[in-house]
1. In whole percent, what relative contact order does segment 6-94 give with Cα contacts below 8 Å and a gap of six or more residues?
2. Tell me which residues come under 5 Å, amide H to amide H, from residue 53 once H is placed; ignore anything under 5 positions away on its chain.
3. Between residue 138 and residue 18, 0.36 nm times their residue separation minus their Cα-Cα distance comes to what?
4. Any chance you could list the semi-axes, whole Å, largest first, of the equivalent ellipsoid that the Cα gyration tensor gives for segment 14-68, using √(5λ)?
5. Please report the base-10 log of the normalised intensity I(q)/I(0) for segment 28-124, using a Debye sum with one equal scatterer per alpha carbon and no solvent, at each q in 0.10, 0.17 (1/Å).
6. On the accessible surface of the chain, probed at 1.4 Å, how many percent belong to carbon and sulfur atoms?
7. Stokes-Einstein diffusion coefficient for segment 77-121 at 10 °C in a medium of 1.306 mPa s, Rh from the Kirkwood formula over Cα pairs: what value in µm²/s?
8. Suppose the chain between residue 94 and residue 130 were pulled fully straight at 0.36 nm per residue; how much longer would it get relative to their current alpha carbon spacing?
Amino acid sequence: MAIDEADPDETMPPMVGAPGWTPMRQAAFIGFFEPMLAGLQGPKRTVLYGIKVDGLMAGFIRMSLTDRPGVVETGMWMGRTWRGLGAGKAALTELLHEAARNRIHTVVADTTPENKAAIGVLRKLGATIRESDKIYAEISIGPAYAGDLDK
């Protein structure tokens, strides 16, 4: 799905070399995401969630532990077909609920100034935005996301 629906640099950190989904970039994609499958206790301290729309894989969102207690970092990418349909906002909302269930109080993210869609979603969900060479966002998880934590 990533090969058909996204550019490599939209899914993982940029690489040097020929553009597009070269064999080297495909291997790097697997190498980047595979360690995340071990979850929060694994080497990347990350849990990776698939985003589905109408039963089809549309992208991924992740939640990674940081060195700051109670703070996780997130990132996501969506396939072109599903961009602008609200799936990114829905996925981030679910991630905020999951973070709250895990007693996380803050979710942080960064993106590029050109990524207007991501910035818009972050703002809609109450992120405090700080701009420099990148966009840095911080969402404080309050009672709206916490719900009944004993469930």
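The values are calculated or read from the model by the stated rules, or taken from the named source; none is laboratory data. What you see is a predicted model; the values in this text were computed from it and never measured. So basically every Cβ, Gly included, is an ideal-geometry build from the backbone, and we count neighbours across all protein chains shown. These area figures cover heavy atoms from the full protein model, side chains too; ligands, DNA and RNA do not enter into them. Shrake-Rupley method; radii C 1.70, N 1.55, O 1.52, S 1.80 Å.
1. On the way: 110 pairs, mean separation 16.6, N = 89.
Taking the mean separation of contacting Cα pairs over the length of segment 6-94, I get 19 percent.
2. When sequence neighbours closer than 5 places are left aside, the close amide H contacts are 58.
3. Full extension of this stretch gives 39.8 nm more.
4. Working: eigenvalues 99, 66, 18 Å².
They are 22, 18, 9 Å, listed from largest to smallest.
5. -0.26, -0.79
6. Working: 4930 of 8810 Å².
Whole-percent figure for carbon plus sulfur exposure: 56.
7. On the way: Rh = 11.7 Å.
Value of D from the Cα-based Kirkwood radius: 135 µm²/s.
8. Values: separation 36, 0.36 × 36 = 12.96 nm, distance 2.33 nm.
Answer, rounded to one decimal: 10.6 nm.
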